[in-house]
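Right, one structure below, let's go through it.
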Amino acid sequence: MKIALLADIHANAPALRAVLAEATRCGVERLAVAGDSVGYYFWPQETWQLLTAWPFDAVRGNHEDMLRASRHDPVLADRILARYGSGIAIAQSELDASRQQWLDELPVQCWVQWGRWRALLCHGTPDDTEEYVYPDSPDFTFERMAVAGADLVIYGHTHYPLCKTIGRCRVVNPGSVGQPRDRRPGAQWALFDSDSGALEHRLTPYDNAAVAREAERRHPDIPYLGQVLCR
C-alpha cells in the first residue's frame, strides 16, 4: 500500500488539491496527517472536503489547539489574528460545530500499522505538540524521537522536510503542504510504500503565487504570509 504523509496543510487548499492529484497518480490509497490542517490560510472548508474524501489518520497540531482556545478567549483570538492572520478566525466561522469538535478531539499521537511497519504520528514530538525538531537539531533529540516499537515516527511543525534513521526507526518530517520554509516553493509531502519500505520526499508545484497574492490582499500588514510561499 502507498501512503501519502502530509503535515502543516494550514488550510492551503490549492496546495493540498495539487498534492492529492499527484498522490492519486502515484497510486496512494491512504493519507497520514501530522497536524495543523487549519490556520494561516483561507480555505478550511475546502481543505476539510479534500481530506475527508480519503481514508486517513490524523493528529492534532498547535493550530488546532489555537482554534479551540480562541473560541473561549476573545483576547487570545485577537492576538492570533495579529500574529498569524485570519486563518483561525475563518476556520472558526466556516467549520460547523461538529467539525470543530472533531478537530478538538484529535489525539496528540496516533499509532498506525501499515503492513509490517508500525508508525507513530505526532505534530511536534511524541511528548510535546509544540516542540520544534529541525534538521540541525542535536542527535539526542532524534534519539528521543525514535520511540520504542516504532519503525517510523512521522511529525511536522517545523515545515522542514527530513528523514533520519535512528537504529531501526526512521524519523520523518514530510515538510509542509501549505507553507514550506526551506525556500523551495511548492507543496511538500512524502510518499511511503509499505510493501517495499521505500520513502520519497516530494515537492508538488501549484499556483503558489496566486495564494501569495491572496495573502497579501488580505494581510498587507503580515507580508510573511505571502513571501514565504514564493522565496
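Every number in this text was worked out from the coordinates using simple rules, so none of it is lab data. Quantities reported herein were computed from a predicted structural model and do not represent experimental measurements. Cβ sites come from the backbone with ideal geometry, for glycine too, and all protein chains shown count toward neighbours.
Using the crude model of +1 on Lys and Arg Cβ and -1 on Asp and Glu Cβ, and no other charge, please compute the dipole size for the chain relative to its Cα centre, in debye to 20.
480 debye
Which number comes out as Rg/Rh for segment 145-231 once both Rg and the Kirkwood Rh are worked out on C-alpha atoms?
With Rh from the inverse mean 1/r over Cα pairs, Rg/Rh is 1.10.
If you bin every alpha carbon distance in segment 74-125 into 10 Å steps from zero, what whole percent lands in each bin?
20, 31, 31, 14, 4
What are the ³J(HN,Hα) values, in whole Hz, obtained from phi via the Karplus relation 6.51 cos²θ - 1.76 cosθ + 1.60 with θ = phi - 60°, for each residue of segment 119-134 in sequence order, with x given for Gly and Pro?
Here the 3J(HN,Hα) series is 10, 10, 9, 8, 10, x, 9, x, 9, 8, 4, 9, 7, 9, 10, 9 Hz.
How do 83-89, 198-204, 132-138 rank on mean C-beta neighbours within 10 Å, highest first? Don't skip to the answer; put the middle values down first.
On the way: 83-89: 19.9, 198-204: 15.4, 132-138: 13.9.
So the order, starting with the most tightly packed, is 83-89, 198-204, 132-138.
Given R₀ = 30 Å, FRET efficiency for Glu216-Cys26 by Cβ-Cβ distance, to 0.05?
0.40
Direction-averaged shadow area of the convex hull around the Cα atoms of the chain, nm²? Walk me through the intermediate numbers first.
Numbers: hull surface 46.9 nm².
Spelled out: convex hull of the Cα atoms, projected over all directions, averaged, 11.7 nm².
How many nm separate the modelled label positions at Trp54 and Arg116, each set 7 Å beyond the Cα in the direction of the Cβ?
2.6 nm
Based on the mean of other beta carbon atoms within 10 Å per residue, what is the order of 149-155, 191-197, most packed first?
Ranking the peptides 149-155, 191-197 by packing returns 149-155, 191-197.
Taking each pair of distinct Cα atoms in segment 79-193 once, what is the resulting Kirkwood hydrodynamic radius in Å?
Its Kirkwood hydrodynamic radius stands at 15.7 Å.
If you average the sequence gap of Cα pairs under 8 Å that are 6 or more apart and divide by the length of the chain, what percent do you get for the contact order?
Relative contact order, the chain: 23 percent.
Neighbour counts of other C-beta atoms within 10 Å: give me Val172, Val112 arranged from fewest to most.
Numbers: Val172 26, Val112 15.
If I rank by nearby Cβ atoms, fewest first, I get Val112, Val172.
Using the charge dipole of the chain (Lys, Arg: +1 at Cβ; Asp, Glu: -1 at Cβ; taken about the Cα centre), state which of Ala23, Tyr40, Trp117 has its Cα farthest towards the positive end.
Comparing the listed Cα positions along the dipole, Ala23 ranks first.
Calculate the radius of gyration of the Cα atoms of segment 96-142 to one decimal place, then report Dmax, the largest Cα-Cα distance, as a whole number, both in Å.
Spelled out, the Cα radius of gyration and Dmax of segment 96-142 are 14.2, 43 Å.
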